[in-house]
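Notes to accompany the following structure.
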Amino acid sequence: MCSSDLRIGARAVTLVLVAHGTRKQQGVAMVGELAERVSAALRRPVQVSFVDVLGPTPSEVLALTPEPAIVVPAFLSRGYHVTSDIPAHVAASGHPGVTVTEALGPGPQLIRVLADRLVEAGWRRDDSVILAAAGTSDPGAQRDLHTMATGLSAITSSRVDLAFAATGTPRVHEAVESLRRHGARRVVVASYLLSDGLFQDRLRVSGADVVTQPLGTHPGLVRLIANRFTRAKYSAAA
């Protein structure tokens, strides 16, 4: 459900999408395009901020925002950036009227997006599949990632292994090598990343036969973010 009337009471609300940040211009542009598509769905401007690598930061955006604000973390599971970084930015901004939504995952909407990306990449039912996430040391986020791997396994009717591009084991290239040692004919890596960047580059050189595109501007992701903003507006009004 999306709404063009994103107001809390009689006041308009500022919408802020918070992403990680990357030095890769293609990834920065993708986050901007994602925000534009969400903005078009809601018929309201959506501002972008980043918690790392580049700015503006959430605290900088919120400090310049006089009206109530809704912040949607563009992160696929809870973890340090969602549980610590973003709340710290909100506090540093001094803004008294900020609603922060939950992370984008885990959930069935993202499982369907991952399945679409697999089909687009040429996935076959007898492929060995690895769900590749950035990785995290947060126990709750790790559970989120295992939930996503289980959900993707259910929708593809095949086993899906979980591996990591940065934090955690096994690393993606190790998971690929392990599957090959156990006789896998084709290995497909399903990218559980929001945008292009260093981690996506690591997936491309993991030795897999196929690597899917990041979730990017998939329509299902646009709808999910738009719904996060809309539901948060109703919660704040209540």
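The values are calculated or read from the model by the stated rules, or taken from the named source; none is laboratory data. Treat the numbers as computed from the prediction; the structure is a model and nothing was measured. No Cβ is skipped: glycine too gets one built from the backbone with ideal geometry, and neighbour counts run over all protein chains shown. Side chains included, ligands, DNA and RNA excluded: accessible areas come from the protein's heavy atoms. Shrake-Rupley method; radii C 1.70, N 1.55, O 1.52, S 1.80 Å.
Of note:
- Here, region 35-172 yields an orientationally averaged convex hull projection of 9.5 nm² when only Cα atoms define the hull.
- Pairwise alpha-carbon distances in region 175-238 exceed 21 Å for 46% of all pairs.
- Given R0 = 45 Å, the distance between the Cβ atoms of HIS182 and ARG231 translates into a calculated FRET efficiency of 0.55.
- FRET efficiency for VAL205 and ALA88, using Cβ-Cβ distance with R0 set to 30 Å, rounded to 0.05: 0.30
- From phi via Karplus (6.51, -1.76, 1.60), per-residue ³J(HN,Hα) for region 44-55 in Hz, x at Gly/Pro: 9, x, 10, 8, 10, 9, 9, 8, 8, 6, 9, x
- Restricting attention to region 1-138, close to 15% of DSSP beta bridges with both partner residues there are antiparallel.
- Tail weight of P(r) past 25 Å, computed on alpha-carbon pairs of the chain, percent: 41
- Computed across region 102-210, the Kirkwood radius stands at 13.8 Å (inverse of mean 1/r, all Cα pairs).
- Net charge dipole, the chain: roughly 460 debye, given to the nearest 20, about the Cα centre with Cβ charges of +1 for Lys and Arg and -1 for Asp and Glu.
- Among ASP144, ASP201, ASP161, the largest mean-square fluctuation in a Gaussian network model of the chain (Cα springs under 10 Å) belongs to ASP201.
- Working value for region 87-148: equivalent-ellipsoid semi-axes of 33, 14, 9 Å, each the square root of 5 times a Cα gyration tensor eigenvalue, largest first.
- Between the beta carbons of GLU67 and ALA40, assuming R0 = 22 Å, the FRET efficiency works out to 0.60 to the nearest 0.05.
- Computed from point charges on the beta carbon alone (+1 for Lys and Arg, -1 for Asp and Glu), the dipole magnitude for region 121-160 about its Cα centre is near 140 Debye.
- Estimated D of region 26-87 in µm² per second, where Rh is the Kirkwood radius over Cα pairs and Stokes-Einstein applies at 37 °C, 0.692 mPa s: 258
- Inter-part distance where region 21-45 and region 51-90 are each reduced to a Cα centre, Å: 15
- Region 7-62 shape via C-alpha gyration tensor axes, a/c threshold 1.5: oblate
- Local charge for THR217 was computed over the other residues whose Cβ lies under 14 Å away, with Lys and Arg +1 and Asp and Glu -1, and equals -2.
- For the pair ARG159 and THR147, the difference between a 0.36 nm per residue extended length and the Cα-Cα distance amounts to 3.0 nm.
- Of the residues TYR192, TYR80, TYR234, the one with the largest accessible area comes first in the ranking TYR80, TYR234, TYR192, computed with a 1.4 Å probe on protein heavy atoms.
- Of the residues GLY27, LEU152, VAL100, the one whose Cα sits farthest toward the positive end of the charge dipole of the chain, with +1 on the Cβ of Lys and Arg and -1 on the Cβ of Asp and Glu, is LEU152.
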